[in-house]
Amino acid sequence: MYKPNSDSQLNTEGWKDINWRKVERYVFKLQKRIYAASRCGNVKLVRKLQKTLMRSWSNRVLSVRRVTQENQGKKTAGVDGVKSLSPEARLKLVRELKLTGKSKPTRRVWIPKPGTDEKRPLGIPTMYDRALQAVVKATLEPEWEAFFEPNSYGFRPGRSCHDAVNQVKKAIMQKAKYVLDADIAKCFDRINHEKLLQKLNTKGKVRQQIKAWLKSGVVDQGSFTATSEGTPQGGVISPLLANIALHGMEERIKQEFPRMSHSGRETWYHKKGEEFPTPDVIRYADDFVIFHQNKTVVQRCRDIISNWLSDIGLQLKPEKTRLSHSLNPELSDDGIAGFDFLGHHIQQYPTGKYRCTRDSKGRILGFNTLITPSKKASKVHLEEIGRIIKKHRSSPQSALIKDLNPVIRGWTSYYSNSDAQTVGELSRQDYLTYLKLRRWAKRRCKNAKKASSKYWTTIGNNNWVFATKEGKANPLRLLTHSEFGSSSTEYVKVKGDKSPFDGDLVYWSSRVGTHPELSSRKAKLLKQQKGKCTKCGLSFQNWDVLEVDHIIPKALGGRDEWKNLQLLHRHCHDEKTAIDLIEIRKKQHSKNLEQLAQQWDKNEWEWVDDVPVILGRKNGSENPSSKQTGEQFKLDFTEVWKKGIKGETLTEEEEKLFRVLLN
Ligand SMILES: [Zn+2]
């Protein structure tokens, strides 16, 4: 069998010299072998390969990159106060990472629950623990991916909420069914640690380490929320551990209610001469639904799952567990048809004789299945829009538009494979947003007519667009919900038993481009680049963070046009930005920049997290004159630079400074 080379020769001097391509290939190759060995049931080989991967420098360095550069929580400090790391500090961390069987306590952060005044705790482990968790996760994930159940979708590589919702649609499309819609109460606070460790079936240091994490509360329940961000924010390894703890639920139901054909034996739930399908179980982390056309079967499933859960110390949340019918409200326990799942509302509606859908055999079904944003999700979204508009009571229109656009784009793309368009939910959101904007404008002008002519304008065929008047050629325009409309029939769900670790590159690379939350700009670039990052040359993986980059930076005269755009990994983008910055600093266009460069040179500075940070004044330099410390230098240069280069929304003042930097 092929054995990967030792990766010690990859160990280079500095962070910038690391050959990421080789590092990623080495780790992925080992992961594929772990997956293959696990599929064959060769536990001995799995453990041996995991040991190699656990010790490899490549895995450690990649894990440090994941938690310091890619993860959204990179700016959140742990209990040791460490947050952003300089390249040197990152390398130091790589050298220190080792399984010790101990864990530092977590820092508790209280974050608001959307739509309520309640707050929920989120445990933030230290940077060290986070990196070490990523190391362990990289070795455990391929082993478990090999036998995770086909209808578990939460926090697994290559799978998303959209796959789960699509599977729900498939389960009930042909037949109206009873639904058990349930939540598991406080997963990680209650979980039986011994049982979980037993299930993990590991020995020695790994077992000790995971035990320590469980005990210290590093793994946190707070991370399981299916939001449009979709990324867990707390512990790195907790979603995987939750999936392992809840693994077997689908199998348990299949065991109790196996599929039966016409001639199958007669039981209380199966009549001879009829077919009996196994109930469908669809799970996303700790949130799951079960379907069947027989109410008693679904009720029985609830009892079975309750029992099964109590074995690992868990129970169903009674207030969030509901038995309903997908079509007929009278058959639901609470008289309401349909149910909510992952922010979607799924319900069936009776149709007339003429506008009807048919099943696979061409028979008239008499109902339509519609997936729409749940009432709660719509309300939360509208509240967020309201909050942004309120925040910008006295800011210029452009700042308001810049803040609203990503929120509108994010929300609508989360629902891009639902029927939100069909039922008019998108135009409803547009109308309600308009009402809020009208109030915002009226308040500023004191005159409705004047307000509408000042803030609304005609663009193309549309004569009611909320857009800026400055820059006639390229006005800044508010996006609408309706322009992102699509339907639930277009989405292609992930195949049940597929995993990125199976090495089927053709299958997985074709999926990257079809992700519903990928913007059309990114999708187009992805196609152009044949699915590869132009900087490192690696194919994009499903879990990579992609960013659009200007090949020639705007600061150096590059334009915002197709041939000047490329799609890069976030970490590749960070590197390129650092290089661009040097070029930009070389170019001295205006007096302003010269002045700035002078200011810059008077200071001590160093690279921190790929941006230059001013540490303090150099010894011997005279105090800056009052003119030099004028308005534009008061702001933190670095913060503005970081935000600007990432295309985040800037306040007017920040934007002025950023322009100075760019010219
Ligand atoms: Zn790359």
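The values are calculated or read from the model by the stated rules, or taken from the named source; none is laboratory data. Only a predicted model underlies this, so the values are computations on that prediction, with no experimental measurement involved. We place every Cβ from the backbone using ideal geometry, glycine too, and count neighbours over all the protein chains shown.
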When every residue in the stretch 526-577 that is surrounded by fewer than 19 Cβ atoms within 10 Å (Cβ to Cβ), within 13 Å of the ligand (Cβ to nearest atom) and among the polar types (S, T, N, Q) is compared, the one modelled with the lowest pLDDT is Q541
Taking the stretch 135-162 only, how many residues are small (G, A, S) and modelled with pLDDT of 90 or more?
2
Of all residues in the stretch 386-438, how many are part of a helix (DSSP H, G or I) and either in contact with a His (Cβ under 8 Å, 6 or more places away or on another chain) or over 19 Å from T457 (Cβ atoms) (or both)?
25
Any residue at all in the stretch 389-396 that's buried (at least 16 other Cβ atoms within 10 Å of the Cβ) and either in the same structural domain as T480 (by the TED database) or modelled with pLDDT under 85 (or both)?
yes
Looking at the structure I just gave you, is V297 out of contact with any helix residue (DSSP H, G or I) (no Cβ under 8 Å at 6 or more places or on another chain) and not hydroxyl-bearing (S, T, Y)?
yes
When you look at L400, is it more than 21 Å from G424 (Cα to Cα), surrounded by 12 or more Cβ atoms within 10 Å (Cβ to Cβ) and either modelled with pLDDT under 85 or of a type in the set (V, I, T) (or both), yes or no?
no
Of all residues in the stretch 264-312, count the ones that are within 21 Å of P150 (Cβ to Cβ) and among the small types (G, A, S).
1
